[in-house]
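The values are calculated or read from the model by the stated rules, or taken from the named source; none is laboratory data. In this text, all values refer to a predicted model and were calculated from it rather than measured experimentally. Here the Cβ positions follow ideal geometry from the backbone for every residue, glycine too, while neighbour counts run over all protein chains shown.
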Amino acid sequence: MIVVTGASGALGQLVVQGLLEKVPAAQIVAAVRDPAKAAHLAARGVQLRRADYTDPASLDSALAGAERVLLVSGNEVGKRSAQHRAVVDAAKRAGVKLLAYTSILRADTSPLRLAEEHVATETAIRDSGLAYSLLRNGWYFENFNGRIAGAAQRGEMVGSAGEGRISAAARADYAAAAVAVLTAEAPQQVYELAGSTSFTLAELTAEAARQSGKAAVYRDLPQADFAAVLAGVGVPAPWPELLADSDAGTARGGLFDDGKALEKLIGRPTRSVSQAVEAALSA
């Protein structure tokens, strides 16, 4: 039995859909905070179980009988270390044979503040004594959708990434990697996963301009100024500071990787920059 936590989220749903192509639906459990939001998965024969990272009893029920578990990282920044540890503890009580976790690219050396909770979770997983696989995902192309659309509409993309290169991949690419690991006979312990190619924000802006037919430029800002721009357009705290920090970390190489481990794992190149921009502009 394979349990996927956060299965009603954008990544979790893609993982479940990919698993349905590999294993019988009866062997898949979608663990979700609100089962009503995953009725479409139940309609395909997937078992639904309630799992709330803040409710240990629900986690014990969700992981009962599980052989392999994918812990999809939560989205409550600042609370994730404790939430993830609760899942790790439940997995240990359930005696799962493999615990996989969606971490961040080169978590242990990443300059991004977002890596801190991932490092804490990785430590908890290692300390648990469970067999594990760390899926250290790079940036999602979908993270740039708003900026791509904004460049096409306003003729400008702003950020603090300088000339830092970004090896992004589509969410579907990372989901395919998770499926490959969850169904592998002998998964590795650590996977550094990133896109097949890389780009700078200036190059991303140029591609948005090319496809939209409208002139656009990239304007690099100091980190604090970029955070202020994000706050000014309504991005809720703490994300302006965290996203600006991520851009600054990009300038220091935090989101670049040319190992092509993701491409090798899924057996194909990841989504290209031109494909990502096309998808963003048509959304």
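Structure values in brief
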quantity	calculated
Members of segment 244-261 found to be of a type in the set (A, V, I, L, M) and buried (at least 20 other Cβ atoms within 10 Å of the Cβ), listed by number	A244, A248, A251, L255
Output for segment 262-271, where each listed residue is under 30 Å from G213 (Cα atoms) and surrounded by 17 or more Cβ atoms within 10 Å (Cβ to Cβ)	T270, R271
Positions within segment 245-271 being under 26 Å from L221 (Cα atoms) and of a type in the set (S, T, N, Q), in sequence order	S246, T250
Residue check for T200: more than 22 Å from A7 (Cα to Cα), hydroxyl-bearing (S, T, Y) and crowded, with 21+ Cβ neighbours inside 10 Å	no
Residue match in segment 127-136 (condition: part of a helix (DSSP H, G or I) and either in contact (Cβ under 8 Å) with a residue 12 or more places away in the chain or not basic (K, R) (or both))	yes
V72 under 24 Å from F141 (Cα atoms) and at pLDDT below 95	no
Residue count, segment 189-221 (criterion: under 19 Å from S167 (Cβ atoms), part of a loop (DSSP other than H, G, I, E, B) and touching a residue at least 40 places away in the same chain (Cβ under 8 Å))	5
Candidate set from segment 9-45 (those that are assigned to a loop (DSSP other than H, G, I, E, B) and either outside the structural domain of V72 (by TED's automatic domain parsing) or among the small types (G, A, S) (or both)); member that is surrounded by the fewest Cβ atoms within 10 Å (Cβ to Cβ)	A43
In segment 119-136, residue surrounded by the fewest Cβ atoms within 10 Å (Cβ to Cβ) [restricted to those that are under 20 Å from G9 (Cα atoms) and in contact with an Asp or Glu (Cβ under 9 Å, 6 or more places away or on another chain)]	R136
Residues satisfying the stated conditions in segment 146-163, i.e. under 20 Å from the mean Cα position of the chain (by Cα) and either surrounded by fewer than 16 Cβ atoms within 10 Å (Cβ to Cβ) or not assigned by TED's automatic domain parsing to the domain that holds S272 (or both)	G146
Checking R113 against (1) in a loop (DSSP other than H, G, I, E, B); (2) among the charged types (D, E, K, R); (3) under 20 Å from L182 (Cβ atoms), the condition it does not meet	(3)
Conditions (1) closer than 28 Å to D225 by Cβ; (2) among the hydrophobic types (A, V, I, L, M, F, W, C); (3) in contact (Cβ under 8 Å) with a residue 40 or more places away in the chain; number of the one not met by A124	(1)
